[in-house]
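J.: Sharing a structure with you now.
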Amino acid sequence: MKDTASAPPLPPCDIAIVGGGAGGVLTAIHALHAAATPARIVLIEPNGTLAQGVAYATPYAEHLLNVPARRMSAFDDAPEDFLDFVVDTTPDGGPGRDTLGQQYVERRRYGDYLRDRLRRAIAASPATLTVVQDRVASMDLDEHGATLVLEGHGRLRAAGVVLAVGNTPKPLPARGAPQLPESRSLAAWDFAAVKRIPANEEICIVGSGLSMVDTVLSLADNGHRGRIHVLSRHALLPLAHAAHAVADFDPEPLLAMDLRRRMRFLREAARQAVAAGLPWQAVMERIRPHGQALWQSMSISDQRRFLRHGVRQWDVHRHRIAPQVHAQLRALLENGQLQLHRGRLDTVVAHGDRIRVTARLRDGRAEQFDVDTVVNATGVELRAQTMRNPLLHDLLGKGLAQPGPHGIGLKAARDGRLVDAEGASHARAFVIGSLRIGCVWESIAVPELRGQAETAARQLLALAGR
């Protein structure tokens, strides 16, 4: 793998991949595997280490994958490839392959896995990969490809480009947030800063999703003694995985139903599953492969209704956590150290040497409490216009891209090709990962990422070959 940190001019390439998180690395792996000629691939990532986006950057053992190891392969045609890696890198084979396959292993190992598979792909491919530590500031498209302008390396001409820019954390949604001392206002993804929180401090975590879970796990691993407040609009925690089972029903009729009928159908399916001795999670496993079709078959008005009223219920049932992690959260709730608050964050202001948090409850009343540190766990930004990414602003401003449905991400064709402001798709520019959430909804889990990455790589290699 070649590092080009000295900023010389870059020669033209066949594929430029913008972003070196999981999506970008998966694209590079699949392009290297699929290449039959000495194609030139360039991967552009501002950070020094690949496969360390928001999802897999944590170095801490308490942060686990939310899916068992057996189901995290980077390849559709080798479904247990990640499990192979886990077995090979576990001292003395650990508890055995079958047991490891069912475990929720340390999340940091997935980044190790992707980097290992990238090294193997480089060694076995006739294509070459150059990794450039830089940021793309702007891009132009034409019928022959793309011209990218990098902040440090200048212009790069590419026959095709893949946008895999990954996730951007949301800012803290409160008046007064910019005025808080940096040491008292932390991002949940700043894992090292969360680890440094003194054990006796009182904490407010804003948001109750998966990044909140990471924060609580780090606090618990530190032996935290202070009270932990969790504030969110719905005060719903992620639910637990159960032993893997798949309910036996036909999901096809769901595609013709409106949102209200779908919800009734799934509730009844869950009741029937439990009556048959299965966990309710078996219903979610049954519809899991149909997530994109379910989203795309909904009317625009039902999609809006889902985003306003149903998305949080979907999230806690769909994006589940390891049973042992869920049990740890429940224990903290039961002993009173972890306290849930249902409301919308309004203001955060310095109050003496502490921070006063004000939340607006559903009935309009205000709730206040004082804490030592606020942790922003509100999730990732979905709107491309507010992602603070100069490349996305450039593409939207030039009309080379348009926002996705409901303003989420960018609009893409069904195969992932970028759609411009006039509605035309570009054959040589692909979008993968979180930027496609508005179009397909299910877009950031490994099965979707690996499929999008392989499609983009193969189509762009075919164009380069012609």
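The values are calculated or read from the model by the stated rules, or taken from the named source; none is laboratory data. Just so it is clear, the model here is predicted, and its values are computed rather than measured. Cβ coordinates were reconstructed from backbone atoms using ideal geometry, including for glycine residues, and neighbour counts include every protein chain displayed. Areas reflect the complete protein model, heavy atoms only, side chains present, ligands, DNA and RNA absent. Shrake-Rupley method; radii C 1.70, N 1.55, O 1.52, S 1.80 Å.
J.: Within region 138-171, how many residues turn out to be in contact with a helix residue (DSSP H, G or I) (Cβ under 9 Å, 6 or more places away or on another chain) and either open to solvent by 20 Å² or more (accessible area, probe 1.4 Å) or in a loop (DSSP other than H, G, I, E, B) (or both)?
T.: 15
J.: Right, R417: of a type in the set (K, R), in contact with a Phe, Trp or Tyr (Cβ under 7 Å, 6 or more places away or on another chain) and under 26 Å from G397 (Cβ atoms) or not? Talk me through it step by step, then tell me what you get.
T.: Working: of a type in the set (K, R): yes; in contact with a Phe, Trp or Tyr (Cβ under 7 Å, 6 or more places away or on another chain): yes; under 26 Å from G397 (Cβ atoms): yes.
Spelling it out, R417 is indeed of a type in the set (K, R), in contact with a Phe, Trp or Tyr (Cβ under 7 Å, 6 or more places away or on another chain) and under 26 Å from G397 (Cβ atoms).
J.: Please work out which residue is farthest from H30 (Cα to Cα), limiting yourself to region 116-137 and to residues that are in contact with a helix residue (DSSP H, G or I) (Cβ under 7 Å, 6 or more places away or on another chain) and part of a strand (DSSP E or B). Don't jump to the end; show me each part of the working.
T.: Filtering region 116-137 down to residues in contact with a helix residue (DSSP H, G or I) (Cβ under 7 Å, 6 or more places away or on another chain) leaves 116-118, 121-122, 125, 127, 129, 136-137.
In the following step, the residues that additionally are part of a strand (DSSP E or B) were identified as 129, 136-137.
Values: L129: 12, V136: 22, A137: 26 Å.
Filtering region 116-137 for residues that are in contact with a helix residue (DSSP H, G or I) (Cβ under 7 Å, 6 or more places away or on another chain) and part of a strand (DSSP E or B), the one farthest from H30 (Cα to Cα) comes out as A137.
J.: For the subset of region 90-102 comprising residues that are open to solvent by 70 Å² or more (accessible area, probe 1.4 Å) and in a helix (DSSP H, G or I), which member is nearest to Q324 (Cα to Cα)? Spell out the reasoning first.
T.: So in region 90-102, the residues open to solvent by 70 Å² or more (accessible area, probe 1.4 Å) come out as 91-92, 95, 97-98, 102.
This time we only want the ones that are in a helix (DSSP H, G or I), so: 91-92, 97-98, 102.
Working: P91: 22, D92: 24, R97: 20, D98: 18, Q102: 13 Å.
It comes out as Q102.
J.: Separate question: Which of (1) closer than 29 Å to T37 by Cα; (2) modelled with pLDDT under 95; (3) over 27 Å from the mean Cα position of the chain (by Cα) does G166 not meet, given it meets every other one?
T.: Exception for G166: condition (3).
J.: If we scan region 40-56, do we find a residue that is open to solvent by 70 Å² or more (accessible area, probe 1.4 Å), under 22 Å from L129 (Cα atoms) and of a type in the set (A, V, I, L, M, F, W, C)?
T.: No: zero hits.
J.: Do you know which residues across region 77-89 are out of contact with any Gly (no Cβ under 9 Å at 6 or more places or on another chain) and in a loop (DSSP other than H, G, I, E, B)?
T.: Scanning region 77-89 gives D77, A78, P79.
J.: Ok, one more. Of all residues in region 350-365 being at pLDDT below 95 and of a type in the set (A, V, I, L, M), which is farthest from S208 (Cα to Cα)?
T.: Taking the candidates together, the pick is A350.
J.: Among the residues of region 190-200, write down those that are part of a loop (DSSP other than H, G, I, E, B) and either among the hydrophobic types (A, V, I, L, M, F, W, C) or open to solvent by less than 20 Å² (accessible area, probe 1.4 Å) (or both).
T.: Going residue by residue through region 190-200, those that are part of a loop (DSSP other than H, G, I, E, B) are 190, 196-200.
Within region 190-200, I197, A199 qualify.
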